[in-house]
Amino acid sequence: MAPDPVPTPVPASAQHHQPRYFTWEEVAQHSGREKERWLVIDRKVYNISDFSRRHPGGSRVISHYAGQDATDPFVAFHINKGLVRKYMNSLLIGELAPEQPSFEPTKNKELTDEFRELRATVERMGLMKANHLFFLFYLLHILLLDVAAWLTLWIFGTSLVPFSLCAVLLSTVQAQAGWLQHDFGHLSVFGTSTWNHLLHHFVIGHLKGAPASWWNHLHFQHHAKPNCFRKDPDINMHPLFFALGKVLSVELGKQKKKHMPYNHQHKYFFLIGPPALLPLYFQWYIFYFAVQRKKWVDLAWMLSFYVRVFLTYMPLLGLKGFLGLFFIVRFLESNWFVWVTQMNHIPMHIDYDRNVDWVSTQLQATCNVHQSAFNDWFSGHLNFQIEHHLFPTMPRHNYHKVAPLVQSLCAKYGIKYKSKPLFSAFADIVYSLKESGQLWLDAYLHQ
């Protein structure tokens, strides 16, 4: 017999290193309260402590999942996951121990597994691919309305009727451009981030005069942890201006805190909510944000908007008329924006982050408004808020196609899938503010 071959020595640099194993208890200890922040994606443990500051989506959104499993939001937010994973290799510090479950016990395993199967089905059906003609025509209708607004003054003069019509048209342009920039911001139009980002800058910067980085910073946090206090910036008006949600309102009352007469908040909402958010806050804060964070590219896009509207309307209206038109447009747009964006969330469950699964996180904080051609257009398809939150990179024209599948999943697991008429959704904002204000008052006086 021939002698057994002598095995070739393996260089030390090529030897397989035993992976480090962690328990969920160890991961949870690195939730951001300490210096290090870890998170888990597909059972692999990553240290994001330093990377979070360089994260393209913002440091806060990724840090909101520190100490938790982030597999589902990772899949939901990224359109080129293979490319992103290459950058993640340097952050890898180990994986979950074999005996550890794939996610925390606070999350519904069966629901999560079935949702991931639904996600795979949706991708096979092609529902994550955009119809570019839909978005082209949508952009064209915005540009045509923009031109029509100017032509109204140029042809018919600047008396009250054409001035008012111009203001309504420009407000429509601003609202609809707001919904369109939302599509590009979510990377739901093109297959590459580059084109989405470029068009996002154009629409939000040149057509609206706002910085893309500001929108990214706020909106992705909202999607990651909707209605979670201290993680969702959309509910930052609690507790300074409003007492939101049953849990937080009672807590505020027990703490004997009274920044505002919250039992009247359903009344003063009509003064400091819809009419004031854009003209009295956002309009000025966006400049502070861009300058303070040195977002010079965003600032250049923004200035292109203000130069354009100034040069086109100043010759027709003069300085006072131009400023009056601009304020009226922001006022009308603000009402449109606030009612639409709050109808899906304010009446829903608001609490601290309880680290539940992705589906439960989104469904308990989100409701829909019935589909109709007008509702779709008026809200930019955000009447399908549930589907949008579950699949944030899905093109909006496919929401109605995935809705029945989401409804079936919710029915199977006993999750409420709420959908209501448009004006009922508006009214529920006020009713929920009245209810939470009364809960605060009762706790403030008696607990």
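The values are calculated or read from the model by the stated rules, or taken from the named source; none is laboratory data. For clarity, every value in this text was computed on a predicted model and none was experimentally measured. Because the Cβ atoms are built from the backbone with ideal geometry, glycine has one as well, and the counts that use them run over all protein chains shown. Accessible surface areas use protein heavy atoms only, side chains included; no ligands, DNA or RNA. Shrake-Rupley method; radii C 1.70, N 1.55, O 1.52, S 1.80 Å.
Values as computed for the structure displayed
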| read-out | value |
| --- | --- |
| The chain: angle of helix 283-292 to the longest principal axis, Cα-based, in degrees nearest 10 | 40 |
| Subset of Lys81/Lys420; Lys35/Lys81; Lys257/Lys294; Lys107/Lys256 violating a 32 Å alpha-carbon distance limit | Lys81/Lys420; Lys257/Lys294; Lys107/Lys256 |
| Cα-centred dipole magnitude for the stretch 108-446, charges only on beta-carbon of K, R (+1) and D, E (-1), debye, nearest 20 | 540 |
| 22 Å tail of the calculated P(r), the stretch 21-170, as % of Cα pairs | 59 |
| Part-to-part distance (alpha-carbon centres) for the stretch 313-339 and the stretch 346-395, which is given in Å | 30 |
| Computed over the stretch 108-446, the ratio Rg/Rh where both radii use C-alpha atoms and Rh is Kirkwood | 0.98 |
| Net charge over other residues, Cβ less than 15 angstrom from the Cβ of Phe289 (K, R count +1; D, E count -1) | +4 |
| Rounded to 5, percent antiparallel among DSSP beta bridges of the chain | 55 |
| Potential lengthening between Leu160 and Ser424 on full extension [0.36 nm per residue; Cα-Cα distance subtracted] | 91.7 nm |
| Reachable aspartates and glutamates, given that their alpha-carbon falls under 19 Å from the alpha-carbon of Lys254 and they are not under 8 places away in the same chain | Asp351, Glu435, Asp442 |
| Solvent-accessible area per residue for the chain (1.4 angstrom probe, square angstrom) | 49 |
| Contour minus Cα-Cα distance for Gln255 and Glu117 (0.36 nm per residue) | 45.2 nm |
| The stretch 21-106 - Debye-derived log10 I(q)/I(0), Cα point model, q = 0.11, 0.26 Å⁻¹ | -0.26, -1.50 |
| Crossing angle, helix 160-185 versus the chain [Cα axis fit, 0-90 degrees, rounded to tens] | 0 |
| Estimated inter-spin distance, Lys416 and Leu136, nm [label 7 Å along Cα→Cβ] | 4.4 |
| Cα centroid separation - the stretch 161-189 against the stretch 217-265, whole Å | 28 |
| Cβ-defined net charge surrounding Gly414, 15 Å radius [Lys, Arg +1; Asp, Glu -1] | 0 |
| Degrees separating the helix 399-412 axis from the principal Cα axis of the chain, which is the longest one | 60 |
| Accessible area in the full protein assembly, largest first, 1.4 Å probe, for Thr106, Thr121 | Thr106, Thr121 |
| Karplus 3J(HN,Hα) series, Hz, for the stretch 143-153 with 6.51 cos²θ - 1.76 cosθ + 1.60 (x for Gly, Pro) | 5, 5, 5, 4, 5, 4, 4, 5, 4, 4, 6 |
| Charge sum, other residues only, whose C-beta stays under 10 Å from Asp50's C-beta, Lys/Arg counted +1 and Asp/Glu -1 | +2 |
| Gaussian network model of the chain, Cα within-10 Å springs - most flexible of Pro404, Pro226, Pro73 | Pro404 |
| Stretchable slack from Phe305 to Tyr21, in nm (0.36 nm times residue separation minus alpha-carbon distance) | 97.0 nm |
| P(r) tail fraction, the stretch 357-447 - alpha-carbon pairs more than 18 Å apart, % | 52 |
| Efficiency of FRET from Cβ geometry, Ser408 and Lys109, R₀ 22 Å, rounded to 0.05 | 0.70 |
| Of all accessible heavy-atom area on the stretch 108-446, the percent that carbon and sulfur account for (1.4 Å) | 68 |
